[in-house]
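Asker: Below are the structure tokens for one structure; questions will follow.
Nothing in this text is a laboratory measurement; each read-out follows from the coordinates by a stated rule. Every value quoted in this text rests on a predicted model; they were computed, and no experiment measured them. Cβ atoms come from the backbone with ideal geometry, glycine included; neighbour counts cover every protein chain shown.
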């Protein structure tokens, strides 16, 4: 099977590259806007692709003719999307349209990553059949792109996920686990939300769900996250406890006090029974995930 991954320099993209690069049953094409930032560069093809350039997208897709695309690239800074709606629309909706149009003559299986933010956070945790009600420009863009995928006529899968954490090859990318660890180790005070509930997702778990969706040719919407739903501040507390760091540097703050440009859903979390049943999904607990992060950080230091 020939699989093309977009956003291969991102956290999920890198995990997919490492999981697929040595598989004999997969021919992997990794794509990203800039140069390849994955440390290991053997066992797959890397192609620079500007997803906002429709003709370039068509050229790359026609050249490689993938059986499956795992589309991980997106504009995910929620406040930046709120403040620059046209750029968000291009990157999260327009780009998906370009990819789908290029794939239609090939019948490519399109796997699309989406978000818990399509829900309003009034009645979480959510199952796949619950009605979305996006509350921000970012959330609306992800729901709009889901609809494009569903109406494309292609075989499709939408994987919605929540707060991804893990370690990348380059130190430029952070997430709640690494941010908490690094800040507390440096003795920095951090403010963390107390009244938003999420189900944190280990990047390796999400990558495996993507791969299983591709191999099983699974179709439809799937909710992919950790099993545990907790206040975001509890994620930081768990990190502090695991690494034996001073929790007094973690300062609680409410959503109202933070006053961010984009509205966030308060309580999401997912019911993941469908993914467990149809994809064989087996997520790690947050503590197990933090242990995996620690092991990877140690290997990077060798």
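Asker: Please arrange 198, 264 by counting, for each residue, the other beta carbons lying within 10 Å of its beta carbon, fewest first.
Answerer: The fewest-first ordering by Cβ neighbours comes to 264, 198.
Asker: State the extension gain, in nm to one decimal, for the chain segment bounded by residue 186 and residue 243, taking 0.36 nm per residue of separation less the distance between their alpha-carbons.
Answerer: Using 0.36 nm per residue and subtracting the Cα-Cα distance, I get 19.2 nm.
Asker: I would also like to ask the following. Cα convex hull of region 199-274: how many Å³ per residue? Can you show the working numbers first?
Answerer: On the way: hull volume 9.5 nm³, N = 76.
Spelled out: Cα convex hull of region 199-274, divided by residues, is 125 Å³.
Asker: Quick one: of the DSSP bridges fully inside the chain, what percent are antiparallel, nearest 5?
Answerer: 5
Asker: Also: Please give the Cα centre distance for region 161-213 versus region 75-89, rounded to the nearest Å.
Answerer: Comparing the Cα centres of region 161-213 and region 75-89, I get a distance of 20 Å.
Asker: Now a separate question. For helix 232-242, report the angle its Cα long axis makes with the longest principal axis of the Cα atoms of the chain; keep it between 0 and 90° and round to the nearest 10°.
Answerer: In the chain, helix 232-242 runs at an angle near 70 degrees to the longest axis.
Asker: Return 1, 49, 75 ranked ascending by Cβ neighbour count within 10 Å, so the fewest neighbours appear first.
Answerer: Lowest to highest Cβ neighbour count: 1, 75, 49.
Asker: Dividing the alpha-carbon Rg of region 1-130 by 2.2 N^0.38 Å yields what?
Answerer: That works out to 1.11 for region 1-130.
Asker: Given contacts defined as C-alpha pairs under 8 Å and at least six residues apart, what's the relative contact order of the chain, whole-number percent?
Answerer: Dividing the mean separation by the residue count of the chain yields 19 percent.
Asker: In whole Å, what is the distance between the alpha-carbon centres of region 243-283 and region 98-154?
Answerer: So the two Cα centres are separated by 20 Å.
Asker: Of 277, 37, 65, which has the largest mean-square fluctuation in a 10 Å C-alpha GNM of the chain?
Answerer: Most flexible of the set in this elastic network: 277.
Asker: Still on this structure: Evaluate E = 1/(1 + (r/R0)^6) for residue 298 and residue 170, where r is the Cβ-Cβ distance and R0 equals 25 Å; express this FRET efficiency to the nearest 0.05.
Answerer: Efficiency at R0 = 25 Å is approximately 0.90.
Asker: Mind pulling the angle between the C-alpha long axis of helix 137-150 and the longest principal axis of the chain? Nearest 10 degrees, somewhere in 0 to 90.
Answerer: 30
Asker: Quickly rank 158-168, 241-251 as a protection proxy: mean count of other C-beta atoms within 10 Å, highest first.
Answerer: 158-168, 241-251
Asker: How tilted is helix 203-215 with respect to the longest principal axis of the chain? Cα atoms for both, answer in degrees (0 to 90, nearest 10).
Answerer: 30
Asker: Also, I was wondering about something else. Looking only at 215, 11, 28, which one moves most when the chain is put into a Gaussian network model with springs between Cα atoms under 10 Å?
Answerer: Comparing 215, 11, 28 in a Gaussian network model of the chain, the most mobile one is 215.
Asker: Taking 0.36 nm per residue of separation and subtracting the Cα-Cα distance, what length does fully extending residue 2 through residue 216 add? Please list the in-between numbers first.
Answerer: Working: separation 214, 0.36 × 214 = 77.04 nm, distance 1.40 nm.
Gain in length upon complete extension: 75.6 nm.
Asker: Looking at the square roots a ≥ b ≥ c of the eigenvalues of the Cα gyration tensor of the chain, which shape do they give, rounded for a/c under 1.5, prolate if a/b is larger than b/c, or oblate?
Answerer: In terms of gyration-tensor shape, prolate.
Asker: Quick check: from the Cα gyration tensor, does region 63-141 come out rounded (a/c under 1.5), prolate or oblate?
Answerer: It comes out oblate by the Cα gyration axes.
Asker: Roughly what would the spin-label model give for residue 259 and residue 278, points 7 Å off Cα along C-beta, in nm?
Answerer: 4.4
Asker: Using only alpha carbon pairs under 8 Å that are at least six residues apart, calculate the relative contact order of region 157-302 and give it in whole percent.
Answerer: Relative contact order of region 157-302: 34 percent.
Asker: What does the convex hull of the alpha-carbon atoms of region 74-216 project to on average, in nm²?
Answerer: Answer in nm², one decimal: 10.4.
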